[in-house]
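Undergrad: This structure is in structure tokens; I'll ask about it shortly.
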Protein chains: 2
Amino acid sequence: MAFCPFSHRVRLMLTAKQIEHHKIYVDLIEKPEWYKDFSPLGKVPALQLTGVKDQPTLVESLIIAEYLDQQYPQTRLFPTDPLQKALDKILIERFAPVVSAIYPVLTCNPNAPKDAIQNFENALDVFEVELGKRGTPYFTGQHIGIVDYMIWPWFERFPSMKINTEQKYELDAKRFEKLLKWRDLMTQDEVVQKTALDVQLHAEFQKSKTLGNPQYDLAFKGTP
Amino acid sequence: MAFCPFSHRVRLMLTAKQIEHHKIYVDLIEKPEWYKDFSPLGKVPALQLTGVKDQPTLVESLIIAEYLDQQYPQTRLFPTDPLQKALDKILIERFAPVVSAIYPVLTCNPNAPKDAIQNFENALDVFEVELGKRGTPYFTGQHIGIVDYMIWPWFERFPSMKINTEQKYELDAKRFEKLLKWRDLMTQDEVVQKTALDVQLHAEFQKSKTLGNPQYDLAFKGTP
């Protein structure tokens, strides 16, 4: 599903490591019957390893990311130190409350809780503070790394709120100064650029979802 | 929290690897103020590495387990092959639907959905089938390993349903033949034995929880 942030994570990994692959997009509403043979719970993304004996399929974006990093070590994205690796994985897990707080707003749910944005910003503070603590341009240091890529898909989608919300919501320039600087840096990354969808498309997709008829094919607008 | 299955996972790891440690039990209802300094979301377990610079604290049982396995490699519990490791981690994730289906019954929730047990058994079938496919006594092969330990805490707790449910629920001996054989084998493991709490205690704890007053201290009954 082209708009799925978890699938986006895997596309970032595959692109960063220049791994040849073939994409099959799945309609999450009218799910094809055969998809369960690859992803038993019907979740996206799923990555079939066609070059491996028995062609097994992996699911769960973080598990896929870690597998690809070990299997294609030319550019390491996870820290090699076990402790730093654990700390980075914990930081990635800390992004879940950010996502769950903003999800109703991001997806234009008319019943979004009144304090959704406040909870979102409080959860996001953790990342603003962490960037300050680490004192590096990227979460993973001087170079882009796993934390950066794993949380990026949502930062690509946040600006759609400026289009879709009544208050034209944007991240506060002062409160999230470091994160916004990081965001600018991220948008210059070649891998981020190669996997990007336009903010207008994200906004349009979210609106179609709210209307109960998600237009997954919007991602292919203009492609023959 | 002595009855927490996720904390139990970490106790199994620490015991299997004979890592010296000191346990502090946390009352999850009256959570001590200082606990947030170690586990920002207040979740258990949290493992502080007192022998490491800055004494960082790790959270999330699976992340802790993987860290300990890498840091104390004397007896490897995770597979070293990246693909098998990914597949085992995915299998461990597949246990989440088992837990969420049975949780209301296990915790004696009077409003447990009518189809809870049916959903639980359907989810558990995955593990019965997987043991058959692997054709080994343990999930991880001829020797006990990470999948076995990570799902074990719930198998220690399931028998409390025989005490606490009206229908004296037990796993069907035929449908779950392989899993029950595996369970018997697991109960003979020294690490499992060392971290075990009696089924009566589990049952009593769950009942106290249902009554709105969880008796965390039951675990220390009889200890001075």
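Undergrad: Has region B:104-122 got at least one residue that is among the hydroxyl-bearing types (Ser, Thr, Tyr) and surrounded by fewer than 17 Cβ atoms within 10 Å (Cβ to Cβ)? If you could, list the steps in order and put the result at the bottom.
TA: Just the residues of region B:104-122 that are among the hydroxyl-bearing types (Ser, Thr, Tyr), to begin with: B:107.
The next check asks that each one be surrounded by fewer than 17 Cβ atoms within 10 Å (Cβ to Cβ); those that pass are none.
So far as region B:104-122 goes, no, none of its residues is among the hydroxyl-bearing types (Ser, Thr, Tyr) and surrounded by fewer than 17 Cβ atoms within 10 Å (Cβ to Cβ).
Undergrad: Is it the case, given these coordinates, that residue B:168 is on the phi > 0 side of the Ramachandran plot and either at pLDDT 95 or above or outside any helix (DSSP H, G or I) (or both)? Even if it seems obvious, please write down each step before you answer.
TA: Numbers: on the phi > 0 side of the Ramachandran plot: yes; either at pLDDT 95 or above or outside any helix (DSSP H, G or I) (or both): yes.
Against the criterion (on the phi > 0 side of the Ramachandran plot and either at pLDDT 95 or above or outside any helix (DSSP H, G or I) (or both)), residue B:168 qualifies.
Undergrad: A further question on this structure: Name every residue in region B:54-75 that is surrounded by fewer than 17 Cβ atoms within 10 Å (Cβ to Cβ), within 9 Å of chain A (Cβ to nearest Cβ) and in a loop (DSSP other than H, G, I, E, B), in order of residue number.
TA: Scanning region B:54-75 gives a single hit, B:56.
Undergrad: A further question on this structure: So which residues in region B:173-224 are exposed (fewer than 12 other Cβ atoms within 10 Å of the Cβ), under 22 Å from residue B:125 (Cβ atoms) and of a type in the set (D, E, K, R)?
TA: Hits for region B:173-224 are B:174, B:184.
Undergrad: Would you check which residues across region B:4-44 are of a type outside the set (A, V, I, L, M), in contact with a Phe, Trp or Tyr (Cβ under 8 Å, 6 or more places away or on another chain) and either assigned to a helix (DSSP H, G or I) or assigned by TED's automatic domain parsing to the domain that holds residue B:154 (or both) and list them?
TA: Within region B:4-44, B:5, B:8, B:9 meet the criteria.
Undergrad: Condition first: of a type in the set (A, V, I, L, M), more than 11 Å from chain A (Cβ to nearest Cβ) and over 16 Å from residue A:85 (Cβ atoms). Can you find one or more residues in region B:76-85 that meet it? Spell out the reasoning first.
TA: Taking region B:76-85 and keeping what is of a type in the set (A, V, I, L, M), we get B:77, B:83.
Those left that are additionally more than 11 Å from chain A (Cβ to nearest Cβ): B:77.
In the following step, the residues that additionally are over 16 Å from residue A:85 (Cβ atoms) were identified as B:77.
For region B:76-85, residues of a type in the set (A, V, I, L, M), more than 11 Å from chain A (Cβ to nearest Cβ) and over 16 Å from residue A:85 (Cβ atoms): present.
Undergrad: Need the failing condition index for residue B:47 against (1) in a loop (DSSP other than H, G, I, E, B); (2) more than 9 Å from chain A (Cβ to nearest Cβ); (3) under 28 Å from residue A:126 (Cα atoms); (4) without any contact (Cβ under 8 Å) to a residue 60 or more places away in the chain, just the number.
TA: Only one criterion in (1) in a loop (DSSP other than H, G, I, E, B); (2) more than 9 Å from chain A (Cβ to nearest Cβ); (3) under 28 Å from residue A:126 (Cα atoms); (4) without any contact (Cβ under 8 Å) to a residue 60 or more places away in the chain is unmet by residue B:47, namely (1).
Undergrad: What are the residue pairs meeting all of these: first residue in region A:148-173, first residue over 17 Å from residue A:219 (Cα atoms) and in the same structural domain as residue A:138 (by TED's automatic domain parsing), second residue basic (Lys, Arg) and buried (at least 19 other Cβ atoms within 10 Å of the Cβ), Cβ atoms under 7 Å, and 6 or more apart or on different chains?
TA: Within 7 Å, the pairs are A:149/A:9; A:150/A:9.
Undergrad: Within region B:77-105, which residues are without any contact (Cβ under 8 Å) to a residue 12 or more places away in the chain and under 19 Å from residue A:67 (Cα atoms)? First the steps, then the outcome.
TA: Let us first name the residues in region B:77-105 that are without any contact (Cβ under 8 Å) to a residue 12 or more places away in the chain, namely B:80-87, B:90, B:93, B:96, B:100, B:103.
Scanning region B:77-105 gives B:80, B:81, B:82, B:83, B:84, B:85, B:86, B:87, B:90, B:93.
Undergrad: Continuing with this model, one more query. Looking at residue A:65 and the list (1) more than 19 Å from the chain's Cα centre (by Cα); (2) at negative phi; (3) at pLDDT 95 or above, which single condition is not satisfied?
TA: With (1) more than 19 Å from the chain's Cα centre (by Cα); (2) at negative phi; (3) at pLDDT 95 or above applied to residue A:65, the lone miss is (1).
The values are calculated or read from the model by the stated rules, or taken from the named source; none is laboratory data. Here the structure is a predicted model, which means the values were calculated and not measured. Every residue, glycine as well, gets a Cβ built from its backbone with ideal geometry; the counts of neighbours run over all protein chains shown.
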